[in-house]
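Okay, so here's the structure we're looking at.
Every number here is computed from the coordinates shown, using simple stated rules; none is lab data. Please read these numbers as outputs of a predicted model, since none were measured by experiment. Cβ: placed from backbone, ideal geometry, glycine included. Neighbour counts: every protein chain shown.
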Amino acid sequence: MLQKKMVAHENEYRALANGLNAKTLVTYYTIDGLIVTVNNPVILTMGKSESEIVGHTHNDVFGMGESAETQKELWSDLRKGIVVNRIYTGNVNGG
């Protein structure tokens, strides 16, 4: 019985992750801010191909003109496990 419950929970978590991945922007980075992979919503929102995004830094793609010092602080905080919330505005499809 316990095994069936564990499988059911695993399936629920997998469905939740799949749903979030389909509708939210997900980007994976190295600890220094290099983009490793992005999901399809990021590609569609940015109006760029995956190869134009992956391999570039966070600041190159999403930095919106932030200073090098601001970016340095961001990644320092993230490496320490500090949760960082930011809101970016601008015309992302314009390049």
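Tabulated values for the structure
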| read-out | value |
| --- | --- |
| Exposure proxy order (Cβ contacts within 10 Å, fewest to most) of D60, D32 | D32, D60 |
| Cα-centre dipole for the chain with unit charges at Cβ (Lys and Arg positive, Asp and Glu negative), debye to 20 | 460 |
| V83, V54 arranged by Cβ crowding within 10 Å, fewest neighbours leading | V83, V54 |
| Sorted by Cβ neighbour density within 10 Å, fewest at the top, the residues K80, K48, K72, K23 | K80, K23, K72, K48 |
| Theoretical ellipticity at 222 nm over the chain - DSSP helices of four or more residues, -39500 (n - 2.57) apiece, nearest 500 | -15500 deg cm²/dmol |
| Residues with amide H under 5 Å from that of H56, placed H, sequence gap 5 or more | I35 |
